[in-house]
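The values are calculated or read from the model by the stated rules, or taken from the named source; none is laboratory data. Just so you know, these numbers come straight off a predicted model, no measurement behind them. Quick reminder, even Gly has a Cβ in these numbers, built from the backbone with ideal geometry, and neighbours come from all protein chains shown.
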Amino acid sequence: MRKLNIGDKAPAFEVFTQNGDIVTLDSLKSRRAILYFYPKDNTSGCTLEAKSMRDGKAALAEAGYEIYGISPDSQKSHQNFCAKHELNFTLLSDTEKTMAEAFGVWVEKKMYGRTYMGIQRTTFIIDEEGTIEHIFEKVDTKNHYQQILDWHNTK
């Protein structure tokens, strides 16, 4: 698996939303998308990040972005996560990790001396043509929407 870079075409994908709709890379064309990969619904860092994106949705939309959160959790888990935290954007269910693998964020991780596979928290900004415009590898979970806006306002 090669590492994706700014300027690369985003990998094709087809995944379900929390509501059972299908989203593909082609369905995102003609608008700019924030694809943020996170490890797990209802964990502390992931909840902080989701709440940041929820709170910044209007400002991000005004800047021309649609938000998509992606994790290996099920549609049902995503539905519960959205309801519990009043999330106002789409979550994508990548239970087979095919999207995470294609984007290079399904990686070997280590914690407390244990090695396992998991999601590397990463955000991709995809332009209207399906090209990767920016990659955030160091995500400030509590202030992520502002991190994206700060980048947007300096480009």
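Summed over the stretch 1-15, the residues that are exposed (fewer than 13 other Cβ atoms within 10 Å of the Cβ), in a loop (DSSP other than H, G, I, E, B) and among the charged types (D, E, K, R) give a count of 2. The residues of the stretch 80-95 that are in contact (Cβ under 8 Å) with a residue 24 or more places away in the chain and closer than 14 Å to THR17 by Cα, listed by number, are ASN80, PHE81, CYS82, LEU87, ASN88, PHE89, THR90, LEU91, LEU92, SER93, ASP94. On the stretch given as the stretch 64-78, residues that are surrounded by fewer than 18 Cβ atoms within 10 Å (Cβ to Cβ) and either part of a loop (DSSP other than H, G, I, E, B) or at pLDDT below 95 (or both) total 2. Restricted to the stretch 88-155, the set of strands (runs of 3 or more DSSP E) holding at least 2 residues that are closer than 23 Å to LYS9 by Cβ comprises 90-93, 106-111, 122-126, 132-136. Comparison of ALA100, ALA61, ALA83 shows that the only residue that is surrounded by fewer than 21 Cβ atoms within 10 Å (Cβ to Cβ), closer than 20 Å to GLY130 by Cβ and either modelled with pLDDT under 95 or of a type outside the set (Lys, Arg) (or both) is ALA61. Residue count for the stretch 16-58, restricted to those that are more than 15 Å from the chain's Cα centre (by Cα) and part of a helix (DSSP H, G or I): 5. Selection over the stretch 16-33 of residues that are surrounded by 11 or more Cβ atoms within 10 Å (Cβ to Cβ) and either of a type in the set (S, T, N, Q) or touching a Phe, Trp or Tyr at 6+ places or on another chain (Cβ under 9 Å) (or both) gives a count of 11. Residues that are under 15 Å from PHE124 (Cβ atoms) and of a type outside the set (D, E, K, R) within the stretch 57-80 comprise LEU60, TYR65, ILE67, TYR68, GLY69, ILE70, SER71, listed in sequence order. Is it true that ARG54 is at pLDDT 95 or above, under 20 Å from PHE136 (Cβ atoms) and among the basic types (Lys, Arg)? It is true that ARG54 is at pLDDT 95 or above, under 20 Å from PHE136 (Cβ atoms) and among the basic types (Lys, Arg).
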